[in-house]
1. Determine, for Arg124, Arg133, the number of other Cβ atoms within 10 Å of each Cβ, and report the residues in order from fewest to most.
2. Residues in segment 25-39, backbone N under 17 Å from the label point at Glu56 (7 Å along the Cα-to-beta-carbon vector): list them, ranges by number please.
3. Pick from Asn106, Asn52, Asn41: which residue has the top mean-square fluctuation in a GNM of the chain where Cα pairs under 10 Å get a spring?
4. Which of the residue pairs Lys15/Lys51; Lys15/Lys89; Lys26/Lys131; Lys26/Lys89 have a Cα-Cα distance greater than 21 Å in the structure shown?
5. With labels modelled as points extended 7 Å from the Cα through the Cβ direction, what inter-label distance (nm, one decimal) is found for Glu36 paired with Ser95?
6. Quickly rank 107-119, 91-103 as a protection proxy: mean count of other C-beta atoms within 10 Å, highest first.
7. Label Lys78 and Glu117 with points 7 Å out from Cα along Cα→Cβ: what is the distance between them in nm?
8. Rounded to whole Å, give me the distance from the Cα center of segment 39-64 to that of segment 75-126.
Amino acid sequence: MLIDWSDEYLIGIDKIDEQHKEFFTKVHRVYEACLESEGENVVQETLDFLKNYAIEHFRAEEAFMREYEYPDVEEHSKLHAEFLDEYSKLSDEFSDLGTGQVLADNIIDMVQNWLIEHIADADRYYATHVKSRS
Ligand SMILES: [Fe+2]
């Protein structure tokens with residue numbers, strides 16, 4: 001099920017919260033492109049946009065954690081790298097299987113659900129650390 005952004009996902013750091021919202025928007029965009037038969041080029045484009053956004057967002061988060069000397073930054077960065085690996089597999093699958101409901105469902109399972117859990121868990125930890133320092 002596609003889930004809308006909700007303020008329950010806020011971690012209390014404005015610039016990161018804005019990026020998480022944008023991440024949700026991009027997930028929705030890929031999902032819709034998969035189901036609206038907009039053509040494989042459009043789906044590929046949305047998949048690439050989402051990947052680039054994820055890379056950009058993770059870099060910003062990692063720099064932010066370092067700025068605040070968060071002790072678990074390496075561990076957290078590993079979670080980001082694992083996500084990007086999985087995402088690459090999903091993109092490759094798209095090249096083989098094409099677009100449609102299967103890809104859309106995989107986007108939900110692999111991207112949206114990961115993001116929600118990651119925000120609720122790993123991101124909240126560093127947010128607590130950062131807020132205790134500022
Ligand atoms: Fe993160």
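1. Ordered from fewest to most neighbouring Cβ atoms within 10 Å, Arg124, Arg133 come out as Arg133, Arg124.
2. 25-30
3. Among Asn106, Asn52, Asn41, the largest GNM mean-square fluctuation belongs to Asn41.
4. Lys15/Lys89; Lys26/Lys131
5. In this crude spin-label approximation the distance works out to 2.6 nm.
6. 107-119, 91-103
7. Once both label points are built, they end up 1.6 nm from each other.
8. Between the Cα centres of segment 39-64 and segment 75-126 lies a distance of 11 Å.
Every number here is computed from the coordinates shown, using simple stated rules; none is lab data. None of the values given here were measured: they were computed from a predicted structure. Positions of Cβ are backbone-derived with ideal geometry, glycine not excepted, and every protein chain shown enters the neighbour counts.
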